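J.: Okay, here's the structure, questions in a sec.
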Amino acid sequence: MVIKKDTMKNANNRSVFQTIINKGPISRNQVSQELGLNKVTVSNIINDLMKANFITSIGEGQSTTSGGRRPELVQLNAKFGFVVNFSVTDDQIEIMSNQFDGRTLEYTVTQSKAQTLQQLFQNICDSIAELPDFETQNGLCGISIAIPGYVYRGNIIDSPFKTVGNFNLQTALQEKFEVPVVIENASNLSAVFEQDFSQQELVNIISLTVGKHIGAGILINRQLYKGYFGRAGDVGHMIFKDDCQNVPLSQLKPIETEWSEQRVLEKLQDVLGKDFSLKDMAQAYTQQDPGVTKILDDFCYHLSLIVNHLIISFDPQMIFFNSEIINELPDLLRVIQLNLSYMPLVPPLVFSKDVHFSALLGGCSLVIHNVLNMEHIRLILHH
């Protein structure tokens, strides 16, 4: 369905709505004091938001110390509708449905053999058709897709999926479901998640995602920085050489060919056996197994090279690490910090708030912003 968003065209309307989303449940008087707006103006805006079902009343709050009528409290209407978010790779599709305050309604994973964008389109349509009735007022309101690759103005430029003809995945989904569709690089969405699902004031941050690929989601002044063609943050394709011999750059391998998380896990198989778990890896490292220690220290060294360049290039407030290996073995983050200790200023290096679902939740946030016509406005969502 198409949502009428005229209510959000006025700056005061947006400010009132933002305050209700971020600080609700809240009274009309509190909104007026927070924004310095006339009480009548605030009350009229809140009435319009309630008529549009964007917000809802939850009843009366505490009375003031001087007594009198208890104020009505309002908050975002989480059941306004739902959004469905996909994280796709060459072998599986993760599907998460969320209500309008960000909270998860359902999460599933399906195996996928899609090789083209047309096949991926059909898989997404089938997944949406199988969703239960979430009993929301407006049903499906938006779709987001996290991909390994980069996107330029809605067009997928690089991904595991081939494009046949002039097929455009975003356009096809928008025409079929008549809702906004956001397609974005998974690392970029992880950075959005770290900001929008946090109470902290995060202005300039980087989310370094280490999985099958290595990517950096970059937020500058709270906005995604994607570069001109959408390739900013594709740090897994950085090239480094270990000797002084000059060779053509085309002969140098991108860093992720040897030091992506998937490649590191393959190397660990030679030491720990094919069926090892991350807990086995952590235990072997703690016990200073020489083979495991060598692989993981080299892993940390190459990540430190990437982080060095990110700090010099963007001077971030904080760098989040999104890695299953580092999440299981926190000591590795300290190794990276020690590797960078020669630098005069190193921002806090911290763990992602959710290694598993950050890209899905970042997509959830972007598409909710789009549906509400609140792009580039800070909204604090819940997880």
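The values are calculated or read from the model by the stated rules, or taken from the named source; none is laboratory data. Values in this document were obtained by computation on a predicted structure and should not be read as measured data. Backbone-built Cβ (ideal geometry, glycine too); neighbour counts: all protein chains shown.
J.: Please go through segment 352-374 and pick out each residue that is free of Cβ contacts under 8 Å to residues at least 40 places away in the same chain and touching a strand residue (DSSP E or B) at 6+ places or on another chain (Cβ under 6 Å).
T.: Val355
J.: On to the next question. Output the number of the condition that Val235 fails; it satisfies all remaining conditions of (1) modelled with pLDDT of 95 or more; (2) assigned by TED's automatic domain parsing to the domain that holds Asp126.
T.: Against the list (1) modelled with pLDDT of 95 or more; (2) assigned by TED's automatic domain parsing to the domain that holds Asp126, Val235 comes up short only on (2).
J.: Would you confirm whether any residue within segment 172-187 is outside the structural domain of Gly217 (by TED's automatic domain parsing), touching a residue at least 24 places away in the same chain (Cβ under 8 Å) and surrounded by fewer than 15 Cβ atoms within 10 Å (Cβ to Cβ)?
T.: Within segment 172-187, one or more residues are outside the structural domain of Gly217 (by TED's automatic domain parsing), touching a residue at least 24 places away in the same chain (Cβ under 8 Å) and surrounded by fewer than 15 Cβ atoms within 10 Å (Cβ to Cβ).
Each row is one residue, and each column tells you yes or no for (1) touching a residue at least 60 places away in the same chain (Cβ under 8 Å); (2) under 20 Å from the mean Cα position of the chain (by Cα); (3) assigned to a helix (DSSP H, G or I).
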site: Val292; (1), (2), (3): no, no, yes
site: Asp297; (1), (2), (3): no, no, yes
site: His302; (1), (2), (3): yes, no, yes
site: Ile306; (1), (2), (3): yes, no, yes
site: Pro344; (1), (2), (3): no, no, no
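J.: Could you check segment 151-208 and list, in sequence order, the residues that are part of a strand (DSSP E or B) and within 15 Å of Gly363 (Cα to Cα)?
T.: Val151, Val181, Val182, Ile183, Glu184, Asn185, Ser207
J.: For segment 101-114, what are the residues that are out of contact with any strand residue (DSSP E or B) (no Cβ under 6 Å at 6 or more places or on another chain) and at pLDDT below 95?
T.: If the condition is that a residue be out of contact with any strand residue (DSSP E or B) (no Cβ under 6 Å at 6 or more places or on another chain) and at pLDDT below 95, then Lys113, Ala114 are the ones that fit.
J.: Could you go through segment 329-343 and let me know if any residue there is of a type in the set (A, V, I, L, M) and closer than 17 Å to Asn185 by Cα.
T.: The answer is no, given that none of the residues of segment 329-343 is of a type in the set (A, V, I, L, M) and closer than 17 Å to Asn185 by Cα.
J.: Collect the residues in segment 127-150 that are closer than 18 Å to Ala114 by Cβ and outside any helix (DSSP H, G or I), keeping them in residue-number order.
T.: Glu130, Ile143, Ser144, Ile145, Ala146, Ile147, Pro148, Gly149
J.: A further question on this structure: Spot the failing condition for Tyr107; the list is (1) hydroxyl-bearing (Ser, Thr, Tyr); (2) surrounded by fewer than 17 Cβ atoms within 10 Å (Cβ to Cβ); (3) out of contact with any helix residue (DSSP H, G or I) (no Cβ under 6 Å at 6 or more places or on another chain); (4) farther than 16 Å from Gln92 by Cα, and only one is missed.
T.: (4)
J.: Another question about this same structure. State all residues of segment 219-267 that are of a type outside the set (A, V, I, L, M), assigned to a loop (DSSP other than H, G, I, E, B) and closer than 16 Å to Leu305 by Cβ; if no residue qualifies, say none.
T.: Gly233, Asp234, Phe240, Lys241, Asp242, Asp243, Lys253, Ser260
J.: Working carefully through the options Asn138, Asn98, find the one that is at pLDDT 95 or above, more than 20 Å from the chain's Cα centre (by Cα) and either surrounded by 13 or more Cβ atoms within 10 Å (Cβ to Cβ) or over 28 Å from Ser198 (Cβ atoms) (or both).
T.: From the options Asn138, Asn98, the qualifying one is Asn138.
A quick yes/no check of all residues on (1) of a type outside the set (Val, Ile, Thr); (2) in a strand (DSSP E or B); (3) at pLDDT 95 or above; (4) surrounded by 15 or more Cβ atoms within 10 Å (Cβ to Cβ):
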residue	(1), (2), (3), (4)
Ser313	yes, no, yes, no
Ile319	no, yes, yes, yes
Ile325	no, no, yes, yes
Arg334	yes, no, yes, no
Gly362	yes, no, yes, yes
Ser365	yes, no, yes, yes
His369	yes, no, yes, yes
Glu375	yes, no, no, no
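J.: Tell me yes or no: at least one residue of segment 227-249 is of a type in the set (S, T, N, Q) and free of Cβ contacts under 8 Å to residues at least 24 places away in the same chain.
T.: Within segment 227-249, one or more residues are of a type in the set (S, T, N, Q) and free of Cβ contacts under 8 Å to residues at least 24 places away in the same chain.
J.: A follow-up question, please. Quick check: anything in segment 276-283 in a loop (DSSP other than H, G, I, E, B) and loosely packed, with under 15 Cβ neighbours inside 10 Å?
T.: yes
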